[in-house]
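**Q** Before I ask anything, let me first share the structure, which is written out below as structure tokens.
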Amino acid sequence: MGAHSELPPAENIHVLSPEELKLVLNVGLKEFPGDCYEIWQSSGGQARDGVYLIQPAGSLIMAYCAMQDGGWTVVQHITVNSSVDFDRTWAEYKLGFGTLTGDHWLGNEYLHQLTSRPGRYKLGVKLVDKDAVTKFGEYDPALVENEEAQYRLRLGLFQGTAVDALAQDTENYLHDNQRFTTKDRDNDNYFQNCAKLEFQGVSGGGWWYDACAGANLNRRSVIYWQKDCNKEHLCKYAWMMVRPSDLIKVVHTGGCPKDEL
């Protein structure tokens, strides 16, 4: 591992530079948490933002944890006109790219593993515009299906200060229930590959396109989220994050031998 020999072999080691490996905050454990929320909970809400080792399924991975926001596992971060190229292949979107301490995509496979853990998960979206106004929204529950299903996105109810740009059909583009598309795998509903379409010379990048987009947080030239972020109303930053749902309740039923969600 070079700079940090005590770090266990994380599957996505490529998303940190050798110099940044020393930034991982929870090395030396025998068992690792399933997500950032487990770390936040066990710390009594006192854990700090940073890179942690988590194990949502079989593989150990590194992820950036937004602890000050309540223990979210960050799955995407982008800065407008980012130096990180989001025009990537299916394989790159599957296992992640960029750098966890900056602009990155954690990986569709890990997004699937996280949202498929026991219980239910929600998806959070955080947007910051050019005037430093922050908007937030969350879909609860949220699920990204497996690779065989082309990492199809499934979303529940939305709430927040941002507009519902993934599931509300205000511009005739529904990203909910869409399969993921990249420049080398076209799963969208348009006659061309939406991931290849350019704006200001920059391709769209991978996304859950319809035909094509009412929202796209992976286009480097302009962060797009309907009326909240577009070429007229510029946004500087965007994040996507996941966390266990707050809506899980166990219902005890007299006529059923098992508890149901």
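**Q** Normalised by the number of residues in region 28-69, what is the relative contact order in percent for Cα pairs under 8 Å and 6+ residues apart?
**A** On the way: 57 pairs, mean separation 16.5, N = 42.
This gives 39 percent for region 28-69.
**Q** For the chain, what's the relative contact order in percent, using C-alpha pairs closer than 8 Å and at least 6 residues apart?
**A** This gives 18 percent for the chain.
**Q** Under 16 Å from the Cα of LYS122, which lysines turn up, not counting those fewer than eight places away in the same chain?
**A** Leaving aside lysines fewer than 8 places away in the same chain, those within reach of LYS122 are LYS249.
**Q** Still on this structure: Express the C-alpha Rg of region 2-244 as a ratio against the empirical globular expectation 2.2 N^0.38 Å, rounded to two decimals.
**A** Normalised Cα radius of gyration, region 2-244: 0.96.
**Q** How high is the relative contact order of region 68-217, in percent, counting Cα pairs under 8 Å that sit 6 or more residues apart? Mind dumping the intermediate values first?
**A** Details: 296 pairs, mean separation 28.4, N = 150.
Value for region 68-217: 19 percent.
**Q** Sort out for me the Cα centre separation of region 13-89 from region 155-216, rounded to whole Å.
**A** Going from one Cα centre to the other spans 26 Å.
**Q** How far is it, in nm, from the label point at HIS14 to the one at GLU148 when both lie 7 Å from their Cα along the line to the Cβ?
**A** 2.5
Every number in this text was worked out from the coordinates using simple rules, so none of it is lab data. Every value quoted in this text rests on a predicted model; they were computed, and no experiment measured them. Glycine gets a Cβ as well: all are built from the backbone with ideal geometry, and neighbour counts include every protein chain shown.
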